[in-house]
Amino acid sequence: MLRAAQTLVTNKEETSRRFYTPQPPFYCGIDLHARTMSLCILDQAGETLVHRHRPATPEALLKAITPSREQIVLAAAWMFPWYWLADLCAAHGIPVVLGQALSLPAMHGGKAKNEKIDAQNIAVLLRGGLLPQASVSPAAMRATRDVLRRRMPLARTRGELLAHVQHTNSQYKLPAMGTKIASKANRDGVAERCADPAVQKSLAVDLALITYDDALLRDLALTRVKTAQHQDAQTLYLRQTVPGIGTILSRVLLDEMHDIERFPRVPDFASSCRLVQCARASAGTRSGTSGNNMGHAHLPWAFSEAAVFFLRDHPAAQQCLAR
């Protein structure tokens, strides 16, 4: 996938960003935190109209922008508290722009950095058309998407515990287990293979946590499948027909993309999936890569899982990979 993406994306496309370029009469930059926020409102001439700290509440925000509410655009960095801000603006018909946090280097360019300076920098970038936009996912999909995202840390913890059991078995030069302990039916007697009571206790803790993680993962999956309501059932069905993409991965892809039309071209989608390595160069000299962490972290994970399942269950894919 990485090789295919690199052949599709040219140097110009690798560095492209979606900036907010409309020019409304007023611009509001918000440095948003869990309990407080800092606001900076500029007019088209760049004059500062409001620059103050406020509690991070809908009432305080609406009161601060009241004089220019009908002609203002709000902007904030794409950090964890943005849900209520996006929903508030959607309910009151106020345009809002979420800036990609990793693509806002101007926020960190000065000697000093605090909430007040960050709010002003966001407003200045918005006014100058240099604020890189992030996508605002629909409110109806956020809750189910977050439930599916909870599976990733649980699955990684489960994998680490399984690996620790195997490493302990190798440390003490015990015979191979012969069965996959990922299945609950094959875990009986695994801890007792070691003679030392302390090692037995360590393995017993690992196996107990694995069993508990299995129950949580199964409960999350069943809850998601039974209660999910999708607006695009046809797309969900079609994705399940792709070899390697099952019930859960199809829902992960649907909730994470939420609208494929927001990617104008295939290279834009590949870049969002972190499949493009952008070169860092100056005066013809390359000094490595940049932007490796820019993009969607959950989409490449979903596609890599689908690739593993595809190769595991399809002989034709295995032959192609071997060739």
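Before moving on, here are some points about what is shown:
- Ordering THR168, MET152, VAL136 by the projection of their Cα atoms onto the charge dipole of the range 133-183, which places +1 on the Cβ of Lys and Arg and -1 on the Cβ of Asp and Glu, puts VAL136 at the extreme positive end.
- Look at where the Cα atoms of the range 247-310 and of the range 46-96 average out, and the two centres are 30 Å apart.
- Fraction of accessible area attributable to carbon and sulfur, the chain (%, probe 1.4 Å): 56 percent
- The order of the peptides 144-151, 276-283, 71-78, 95-102 by mean Cβ neighbours within 10 Å, most packed first, is 71-78, 95-102, 144-151, 276-283.
- Summarising the strand pairing of the chain, around 70 percent of its internal DSSP beta bridges are antiparallel.
- Loop-located chymotrypsin sites (Phe, Trp or Tyr not before Pro) in the range 171-267 (DSSP state not H, G, I, E or B) with no more than 12 neighbouring Cβ atoms inside 10 Å: TYR172.
- Efficiency of FRET from Cβ geometry, ARG151 and ASN292, R₀ 25 Å, rounded to 0.05: 0.55
- Taking label points 7 Å from Cα along the Cα-to-Cβ direction, THR48 and GLU70 give a separation of 2.8 nm.
- Accessible area per residue for the range 168-323 is 62 Å², calculated with a 1.4 Å probe on protein heavy atoms, without ligands, DNA or RNA.
- Extending 7 Å from the Cα toward the beta-carbon at both MET79 and VAL205 defines two label points whose distance is 3.5 nm.
- When you work out D = kT/(6 pi eta Rh) for the range 85-202 at 25 °C and 0.890 mPa s, using the Kirkwood radius from C-alpha pairs as Rh and the Stokes-Einstein form, the result is 124 µm²/s.
- Taking Cα centre as origin and charging only the Cβ of basic (Lys, Arg, +1) and acidic (Asp, Glu, -1) residues, the dipole magnitude of the chain rounds to 520 debye.
- Value of Rg to Rh for the range 251-323 (Rh from inverse mean 1/r over Cα pairs, i.e. Kirkwood): 1.10
- Backbone HN-Hα couplings from phi across the range 260-272 [Karplus 6.51/-1.76/1.60, Hz, Gly and Pro as x]: 5, 5, 6, 9, x, 9, 4, x, 5, 5, 4, 5, 5
- Using a probe of 1.4 angstrom and keeping all protein chains present, the accessible surface of the range 22-119 works out to 52 square angstrom per residue.
- Accessible surface, 1.4 Å probe, highest first, among residues LYS111, LYS116: LYS111, LYS116
- Calculated Rg and Dmax of the chain using C-alpha coordinates, Å: 24.8, 78
- The aspartates and glutamates within cross-link reach of LYS173, meaning a Cα-to-Cα straight distance under 14 Å and a gap of 8 or more places when in the same chain, are ASP196.
- Low-density loop cleavage sites - trypsin sites (Lys or Arg not before Pro) in the range 188-272, where at most 14 other Cβ are within 10 Å (DSSP): ARG265
The values are calculated or read from the model by the stated rules, or taken from the named source; none is laboratory data. What you see is a predicted model, and the numbers here were worked out from it, not measured in a lab. Positions of Cβ are generated from backbone atoms using ideal geometry, with glycine treated the same way; all protein chains shown enter the neighbour counts. Just so you know, the surface numbers come from the protein's heavy atoms only, side chains and all, with ligands and any DNA or RNA stripped out. Shrake-Rupley method; radii C 1.70, N 1.55, O 1.52, S 1.80 Å.
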